[in-house]
Amino acid sequence: MSEPMTEQGDVLSAAEAEARCKAEVEEMRLRMAAEMDNFQKRLKREHEEQMRYAAEKVLSDLLPSLDNLDLALQYGSTNEVCKDMLQGVAMTRKLLLEAVAKHGLTPVGEEGEEFDPAIHEAVGFDARPELAPNSVARLLQRGYKLGERLLRPAKVMVNP
C-alpha cells in the first residue's frame, strides 16, 4: 500500500494524512449543517407564505356577496321604504368586512384617490372638475387585497 503524496511528491506522514482527513470531514460537516439550516429556513418561509394565503380561495368566493351588499346599499338608499332594511344590510356588510379583515382581506379603491394601475382597472373616463386629473372619479366595483397580494382590482372611472 502506497502512502499519500503531496503535490511536490513528498510522502505524507500518517499524522499529516489524518489531520488533512479530519479537516476535510469538518469542512463537509459545516457545509452540510449550513445546507440543513438553509433548508429549514426555506421550509419555514414557505409554510408561513402558505398559511398567510390559505384563505385566498374562500375569501375570493365571498367577494360577490360583498359586492351585492354594496349594491343593495347603493340602490336602496334612494327609496325611503327600504330605510330599516338598509340598516340591517349595512350592519351585515360591516360584520362581514370585519370578519374577512381578521384574515387579511382589505378593500381597495376610493373615489378621489390617485389612479394606480397596480390596484385599479380603468374602464373609462368621467370628467369631474372638483377632482384632480388622473384621480378616481367613480368607483364601479371595489377591489380587494389579501395581505400584499391583489385579489381583484377596483374597477374605476378616471378623471381625465
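The values are calculated or read from the model by the stated rules, or taken from the named source; none is laboratory data. Only a predicted model underlies this, so the values are computations on that prediction, with no experimental measurement involved. Counting neighbours? That spans all protein chains shown, and the Cβs are built from the backbone with ideal geometry, glycine included. Quick note on the areas: whole protein, heavy atoms, side chains included, nothing else; ligands and nucleic acids left out. Shrake-Rupley method; radii C 1.70, N 1.55, O 1.52, S 1.80 Å.
Things worth noting here:
- Database remark: amide H of Glu121 closer than 5 angstrom to the amide H of Ala154, Lys155, Val156 (H placed geometrically; neighbours at sequence offset of 5 or more, or on other chains; Pro and chain starts carry no H).
- The number of Lys pairs in the chain with C-alpha atoms less than 18 Å apart, excluding pairs fewer than 8 positions apart on the same chain, is 7.
- Counted charge near Asp67, where neighbours are those whose Cβ lies closer than 10 Å (Asp, Glu -1; Lys, Arg +1): +1
- Fraction of beta bridges assigned by DSSP in the chain that are antiparallel (%, nearest 5): 70
- Electrostatic tally near Lys102: other residues with Cβ closer than 14 Å to its Cβ, Lys and Arg +1, Asp and Glu -1, net +1.
- Neighbourhood charge, 14 Å Cβ-Cβ cut-off, centred on Met36 and excluding it, Lys, Arg +1 and Asp, Glu -1: +3
- Dipole check for the chain: with +1 at the C-beta of Lys and Arg, -1 at the C-beta of Asp and Glu, and the Cα centre as origin, the magnitude is about 860 Debye.
- Segment 82-160: antiparallel DSSP beta bridges as a percent of all, rounded to 5: 70
- Highest-MSF residue in the chain out of Leu86, Leu96, Leu43 [GNM, Cα springs under 10 Å]: Leu43
- Whole-Å semi-axes of the ellipsoid equivalent to segment 47-109 (Cα gyration tensor, √5λ, descending): 30, 10, 8
- Binned Cα-Cα distance frequencies in the chain - 5 Å width, integer %: 1, 8, 11, 10, 11, 10, 8, 5, 4, 4, 4, 3, 4, 4, 4, 4, 3, 2, 1, 1, 0
- Among Val25, Ser60, Ala14 - extreme Cα towards positive end, dipole of the chain, charges at beta-carbon: Ser60
- Where the chain is the region considered: accessible area per residue in Å², 1.4 Å probe: 73
- Simple spin-label estimate for Gln87 and Arg128 in nanometres, 7 Å along Cα-Cβ: 2.9
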